[in-house]
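Here is the structure we will look at, set down as structure tokens.
The values are calculated or read from the model by the stated rules, or taken from the named source; none is laboratory data. For clarity, every value in this text was computed on a predicted model and none was experimentally measured. Heads up, the Cβs are rebuilt from the backbone with ideal geometry, glycines too, and the neighbour counts pull from every protein chain shown.
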Amino acid sequence: MINAAATRDQVTFVTSRGRRIAGVVSVAAAEQAAAPQGQAGDDAGTAVMYAVNLAMLQDRGGTPSLTPAQCFEDYAGSLLRDFGGSADRALAAARAVAAESVPKTGYPLLWRQAALAVELCQRGAEMTGQVLPGSYRPGSREDSAAWR
């Protein structure tokens, strides 16, 4: 079974009570499945790195000249510039970060960084003028009168 997976790219499923619970695949297939796909995956990595740096700044209380909220806005703007000013790229990165974060839920620090990365991407998309449904930031709702 292992030889067939390695040499012929054959997939063998392991079942329990008739349900597939695992699969034996080649290393190449497993690495391809585990790797983030395309531009969104690369952008997700960038967003997480911004989030890590921002989290460190927030933990220190900001910088001498900027509050933590101003640091957040600056980082979101810089991230958006890295994405070429594209709201679609920012939102695709947010989705990729969220998808990659599922196995990290048991690790609070990693989960915090992922959540912050998603928020940075969302804020970057909002900076382009795009209205995101359900956004919690003041002024970002398309029809704020409905909430009064």
* Would you tally the residues in the range 73-118 being more than 15 Å from G41 (Cβ to Cβ) and basic (K, R)? => 3
* **Test result for A28, at pLDDT below 85, outside the structural domain of A117 (by TED's automatic domain parsing) and loosely packed, with under 14 Cβ neighbours inside 10 Å** => yes
* Asked: Counting residues that are touching a residue at least 60 places away in the same chain (Cβ under 8 Å), which helices (runs of 4 or more DSSP H) fully inside the range 1-75 reach at least 3?
  -> 38-59
* Taking G85, is it in the same structural domain as G45 (by TED's automatic domain parsing), surrounded by 15 or more Cβ atoms within 10 Å (Cβ to Cβ) and outside any helix (DSSP H, G or I)? -> no
* Does A47 fit the bill of being under 19 Å from M127 (Cβ atoms) and surrounded by fewer than 14 Cβ atoms within 10 Å (Cβ to Cβ)? -> no
